[in-house]
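Novice: I have a structure here, written as structure tokens, and I will follow up with some questions on it.
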Amino acid sequence: MKTAGIIAEYNPFHTGHEYQINYIKEKLRTDYIVIAMSGDFVQRGTPALFSKYVRAEMALRSGADLVLELPVSISSASAELFARGGVQLLDGLGVTDILCFGSECGDTDALMELAKILAEEPEAFQDALRRNLKDGMTFPKARSMALSAVFPESEKYQQLLSSPNNILGIEYCKAILRENSSISPVSIKREGNDYHENTLSENHFPSASAIRNAILDFNVPPKGDWSNTKHSHCFLSEASETSIQNFAFLSDMAKKFLPANSLELFLQAISRNHYLLENDLDTLYRYCLLQEKEESLCTYLDMSHALARRILSCRDQYKTFSQFADLLKTKEITRTRIQRALLHMLLHIQSVPAQIPYARVLGFRKNSSALLGKIKKCSSIPLLTRLPDAAAVLENAPQAMDLLNETTFASNLYESILAQKNSASYVHEYRQQIIIV
């Protein structure tokens with residue numbers, strides 16, 4: 001049995017992700033694919049567009065065999081901690097042979113070569129990095145400049161560190177090395193739009209950012225039942241002409257950039273208003289900001305004293321999450337880190353676990369029972385399939401239960417906002433149904 005792992009957000013799942021799954025099955029000839037996926041909040045410090053259950057089902061319909069949830073403190077952490085947590089989770093299963101990821105260069109050997117340098121962190125590199133950070137550089141720039149000052153082949157390394165998927169791939173390789181894992185990294189060249197590309201191009205795999213950007217312009221009609229996506233136009237009599245045009249655009253976009261197996265789920269979620277954007281949490285953020293002081297802010301992950309003071313001095317100017325993050329941004333700190341720090345304030349996340357202590361199942365394919373059976377035999381961490389059983393399974397691991405409770409709270413908050421947005425019934429995380437395809 002050969003098993004591949006993927007660490008992903010799927011925010012949302014699109015044809016590029018389907019390509020990766022098909023590549024693994026056809027080119028790498030694996031029997032099973034396990035996804036370590038972010039839950040309801042993602043690394044850029046925002047709620048996921050769709051709930052983790054919708055995204056898990058999209059992945060399963062497109063060929064994934066098992067989807068596991070990354071704890072919220074991992075899924076909303078920096079690239080290094082996100083990668084470490086994902087590798088720990090896949091490694092803890094005891095069945096993962098390879099970790100497959102996309103990168104701009106597609107050169108596994110080059111990424112591993114740089115990962116070894118960064119994993120070892122020679123003293124000269126550490127000194128240069130500290131100096132650069134002290135001079136006010138952002139961490140990505142400080143690291144790149146430190147490499148330039150210390151290593152003769154720095155030009156090649158700097159090129160690798162200039163692209164986001166290369167950076168994440170290097171972090172995956174670093175995590176494999178530091179965890180002394182037997183998992184083999186395999187990088188495939190990223191095709192299509194750039195990771196940060198905000199517009200959609202014909203005949204290319206999209207970026208998740210571009211899809212989210214398209215949805216920002218979509219206005220959901222105030223009335224009408226669009227649950228039957230095949231005949232959604234029949235229910236638009238009370239919708240504005242702009243809304244009808246926007247939905248038609250999104251439908252056409254979805255057909256081009258989403259796998260056929262995910263199309264129905266995507267259109268249902270959009271038409272029913274079952275999605276969250278970063279500004280949907282504005283009321284909660286305003287409430288939290290009124291409560292905080294510098295000392296309390298600095299207890300949260302990714303928060304510095306300088307950022308805490310800036311947040312407090314600017315909090316009366318909060319209008320929306322996007323606007324506030326732009327307002328706070330300086331040359332010393334990236335917008336993404338600011339967003340993560342704000343999210344950690346909202347969710348009261350103060351640290352990440354040193355080790356992933358359990359594997360929480362979001363969904364699986366019926367014909368993958370052999371994989372589940374092997375994991376139960378080989379895994380060094382418990383497999384959680386029913387949350388009501390978690391207290392008994394983790395009774396001797398209080399820190400694991402604390403981590404699960406933290407993640408459960410985040411998902412309940414996400415579900416609560418989604419339910420209020422749609423005047424729908426709220427479903428507690430312990431009553432959510434596992435996805436079986």
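Novice: Which residues, taken from the stretch 117-148, are open to solvent by 70 Å² or more (accessible area, probe 1.4 Å), among the aliphatic types (A, V, I, L, M) and within 18 Å of Q159 (Cβ to Cβ)?
Specialist: Of everything in the stretch 117-148, just one residue is open to solvent by 70 Å² or more (accessible area, probe 1.4 Å), among the aliphatic types (A, V, I, L, M) and within 18 Å of Q159 (Cβ to Cβ), namely M145.
Residue-by-condition table, conditions (1) in contact with a strand residue (DSSP E or B) (Cβ under 8 Å, 6 or more places away or on another chain); (2) closer than 29 Å to Y287 by Cβ:
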| residue | (1), (2) |
| --- | --- |
| I338 | no, yes |
| A341 | no, yes |
| C378 | no, no |
| T385 | yes, no |
| V437 | yes, no |
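Novice: For the stretch 52-71, enumerate the residues that are of a type in the set (G, A, S) and closer than 13 Å to I434 by Cα.
Specialist: Answer for the stretch 52-71, where residues must be of a type in the set (G, A, S) and closer than 13 Å to I434 by Cα: just A56.
Novice: Here is a further query. Scan the stretch 339-348 and tell me whether some residue there is within 30 Å of E395 (Cα to Cα) and not in a helix (DSSP H, G or I). Explain how you work it out, then say what you get.
Specialist: Of all residues in the stretch 339-348, those within 30 Å of E395 (Cα to Cα) come to 343-348.
With not in a helix (DSSP H, G or I) added as a condition, the list becomes 348.
Looking through the stretch 339-348, at least one residue is within 30 Å of E395 (Cα to Cα) and not in a helix (DSSP H, G or I).
Novice: Output the number of the condition that S411 fails; it satisfies all remaining conditions of (1) closer than 24 Å to R178 by Cβ; (2) buried (at least 20 other Cβ atoms within 10 Å of the Cβ).
Specialist: Here S411 meets the rest and fails (1).
Novice: OK, next. Conditions first: (1) more than 26 Å from the chain's Cα centre (by Cα); (2) modelled with pLDDT under 95; (3) surrounded by 17 or more Cβ atoms within 10 Å (Cβ to Cβ); (4) not aliphatic (A, V, I, L, M). R310 passes all but one, so which condition is the exception?
Specialist: Going through the list (1) more than 26 Å from the chain's Cα centre (by Cα); (2) modelled with pLDDT under 95; (3) surrounded by 17 or more Cβ atoms within 10 Å (Cβ to Cβ); (4) not aliphatic (A, V, I, L, M), R310 breaks only (2).
Novice: Residue check: is I7 of a type in the set (A, V, I, L, M), in contact with an Asp or Glu (Cβ under 6 Å, 6 or more places away or on another chain) and assigned to a strand (DSSP E or B)?
Specialist: Judged against the criteria, I7 is not a match.
Novice: OK, next. Output yes when any residue across the stretch 284-291 is modelled with pLDDT of 90 or more, buried (at least 20 other Cβ atoms within 10 Å of the Cβ), touching a strand residue (DSSP E or B) at 6+ places or on another chain (Cβ under 8 Å) and on the phi < 0 side of the Ramachandran plot, and no when none is.
Specialist: no
Novice: Separate question: What are the residue pairs meeting all of these: first residue in the stretch 161-174, first residue without any contact (Cβ under 8 Å) to a residue 40 or more places away in the chain and open to solvent by 20 Å² or more (accessible area, probe 1.4 Å), second residue part of a helix (DSSP H, G or I) and among the charged types (D, E, K, R), Cβ atoms under 8 Å, and 6 or more apart or on different chains?
Specialist: none
Novice: To continue, here is another question. How many of the residues in the stretch 329-351 are more than 19 Å from A77 (Cβ to Cβ) and either open to solvent by less than 50 Å² (accessible area, probe 1.4 Å) or in contact (Cβ under 8 Å) with a residue 24 or more places away in the chain (or both)?
Specialist: 3
Novice: Could you check how many residues of the stretch 369-400 are part of a helix (DSSP H, G or I), β-branched (V, I, T) and open to solvent by less than 60 Å² (accessible area, probe 1.4 Å)?
Specialist: 1
Novice: Quickly run through the stretch 12-27 and pick out the residues that are open to solvent by 70 Å² or more (accessible area, probe 1.4 Å) and of a type in the set (S, T, Y).
Specialist: Y19
Novice: Kindly list the number of the only condition in (1) of a type outside the set (D, E, K, R); (2) open to solvent by 10 Å² or more (accessible area, probe 1.4 Å); (3) closer than 24 Å to I356 by Cα that fails for T30.
Specialist: (3)
Novice: Is it the case, given these coordinates, that L129 is out of contact with any helix residue (DSSP H, G or I) (no Cβ under 8 Å at 6 or more places or on another chain) and within 30 Å of T46 (Cβ to Cβ)?
Specialist: For L129, the condition - out of contact with any helix residue (DSSP H, G or I) (no Cβ under 8 Å at 6 or more places or on another chain) and within 30 Å of T46 (Cβ to Cβ) - is not met.
Novice: For residues that are assigned to a loop (DSSP other than H, G, I, E, B) and modelled with pLDDT of 65 or more, scanning just the stretch 202-217, find the one that is nearest to S251 (Cα to Cα).
Specialist: Once the filter is applied, the top-ranked residue is D217.
Novice: Now a separate question. Looking only at the stretch 78-87, which residues are over 18 Å from I35 (Cβ atoms) and open to solvent by less than 10 Å² (accessible area, probe 1.4 Å)?
Specialist: Selection gives nothing.
The values are calculated or read from the model by the stated rules, or taken from the named source; none is laboratory data. As the structure is a prediction and not an experimental result, all values here were calculated from the model. Note: ideal-geometry Cβ built from the backbone for every residue, glycine included; neighbour counts use all protein chains shown. For the accessible areas, the whole protein counts, side chains as well, though only heavy atoms, and no ligand, DNA or RNA atoms are used. Shrake-Rupley method; radii C 1.70, N 1.55, O 1.52, S 1.80 Å.
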